[in-house]
Amino acid sequence: MLNKLSLTEQFSQFCKKNNPKDMEEAIKFFSVFGGLDIPVNTSIPLIEFIEKRILDDFRYFRNMVTELTQGDVSYHTILTGAALGDRRTSTAFRRAKVSKVHGLKCVDELYDMRIIDCESTMQHLCADFEQLEISEKIIFEAPFLRFWFAFISPIFKGIRDGKYDEFKKEFLNRQEEFTNQVFEQLSHEFLMKTFEDDKIDQIGRYWDDELEVDLVAKTHNGKIIVGSCKYSNNKVKKSELTLLKETCKRLSIQADTYVLFSKKGFTTELKSLKSENVKLFTARNFKILID
């Protein structure tokens, strides 16, 4: 039922099979159903389709996930911790109440099972690079599994008993924030595919105890790209670019190109700054990932 494709392949397959009306709808539904090999009706409200396809068939999907994870309690608590938190392994272990040694063992096993991947902060691209011990972050290989452990697993008893009100409240309150991570991942995939003249050799994110950057990349010719990804119903303003530049200055990241991704586009003021060094993209641009 769950496929083992890359994120780009999952997204391309999802769009080709389900024919969403636009990229916004595609991303919204993919963030929940990505990786599942089932037909998805994107013409009805997402919350309605989740209820009909997942909540009403809870036991089927619970058994599928249990088979995938071997029903291991430590796996489930760590995956829930990662899905609900900032994805750092240290945060997931704290939420799961497991030791670092046991947590890392579980993460290695989940990686070998191709349930998760891990990424490290891109601190080596800072000019004043100083090796710091910063926890890795967990990435779910299939968006559906992140959805399951963020919204279903923590309140499974109510869902099992046919009580969906708590789920609906939690999902609607956190949907935008939840979907932003998939939007961010797809932004990385988009950049990898579109920088053809100077291929991207490294791409990821930067984080430490104070600052975060959604996208940091280095091309084959040594150019540094930094970016911001905002899945919001508001247009992105010039202040977002200003903040990104200020963050780079604080981190001693010498950026050659700034890229901003937005669900709903950009203000006129920000669009006037578009250039070779400032690139602006919206969800519509992700069509290239389907080919």
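Descriptive notes on the structure:
- Segment 51-62 residues that are closer than 14 Å to N41 by Cβ, paired with ones that are among the hydroxyl-bearing types (S, T, Y) (beta carbon under 7 Å, 6 or more apart): E51/Y164
- Segment 240-265, residues that are part of a loop (DSSP other than H, G, I, E, B) and within 15 Å of F190 (Cβ to Cβ): K263
- Of the criteria (1) out of contact with any Leu (no Cβ under 9 Å at 6 or more places or on another chain); (2) under 23 Å from K193 (Cα atoms); (3) surrounded by 14 or more Cβ atoms within 10 Å (Cβ to Cβ); (4) not aliphatic (A, V, I, L, M), which one G222 fails: (3)
- The residue that is surrounded by the fewest Cβ atoms within 10 Å (Cβ to Cβ), among those in segment 242-260 that are hydroxyl-bearing (S, T, Y) and touching a residue at least 24 places away in the same chain (Cβ under 8 Å), is S252.
- Note on segment 188-208: residues that are assigned to a loop (DSSP other than H, G, I, E, B) and either in contact (Cβ under 8 Å) with a residue 40 or more places away in the chain or polar (S, T, N, Q) (or both) amount to 1.
Rundown of residues vs (1) surrounded by 18 or more Cβ atoms within 10 Å (Cβ to Cβ); (2) in the same structural domain as K137 (by TED's automatic domain parsing); (3) out of contact with any Lys or Arg (no Cβ under 8 Å at 6 or more places or on another chain), yes/no style:
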| residue | (1), (2), (3) |
| --- | --- |
| V32 | yes, yes, yes |
| V40 | yes, yes, no |
| F58 | no, yes, no |
| R94 | no, yes, yes |
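- Segment 118-173, subset within 19 Å of E184 (Cα to Cα) and of a type in the set (K, R), residue surrounded by the most Cβ atoms within 10 Å (Cβ to Cβ): R146
- Helices (runs of 4 or more DSSP H) wholly inside segment 1-112 containing at least 1 residues that are more than 24 Å from K168 (Cα to Cα): 7-18, 58-69, 73-84, 89-96, 100-112
- Candidate set from segment 266-279 (those that are in contact (Cβ under 8 Å) with a residue 24 or more places away in the chain and assigned to a strand (DSSP E or B)); member that is surrounded by the most Cβ atoms within 10 Å (Cβ to Cβ): F266
- Residue match in segment 225-239 (condition: more than 20 Å from the chain's Cα centre (by Cα), assigned to a helix (DSSP H, G or I) and either crowded, with 18+ Cβ neighbours inside 10 Å or modelled with pLDDT of 95 or more (or both)): yes
- Scanning segment 136-159 for residues being assigned to a helix (DSSP H, G or I), closer than 29 Å to D209 by Cα and among the aliphatic types (A, V, I, L, M) gives a total of 2.
- Listed by first and then second residue, the pairs linking a residue in segment 1-25 that is outside the structural domain of I115 (by TED's automatic domain parsing) and within 18 Å of F49 (Cα to Cα) to a residue that is assigned to a loop (DSSP other than H, G, I, E, B) and of a type in the set (F, W, Y), with Cβ atoms under 7 Å apart and 6 or more places separating them unless they lie on different chains, form an empty list.
The values are calculated or read from the model by the stated rules, or taken from the named source; none is laboratory data. Everything numeric here is computed off the predicted structure, so don't read it as measured data. FYI the Cβ positions are ideal-geometry reconstructions off the backbone, even for glycines, and counts take in every protein chain you see.
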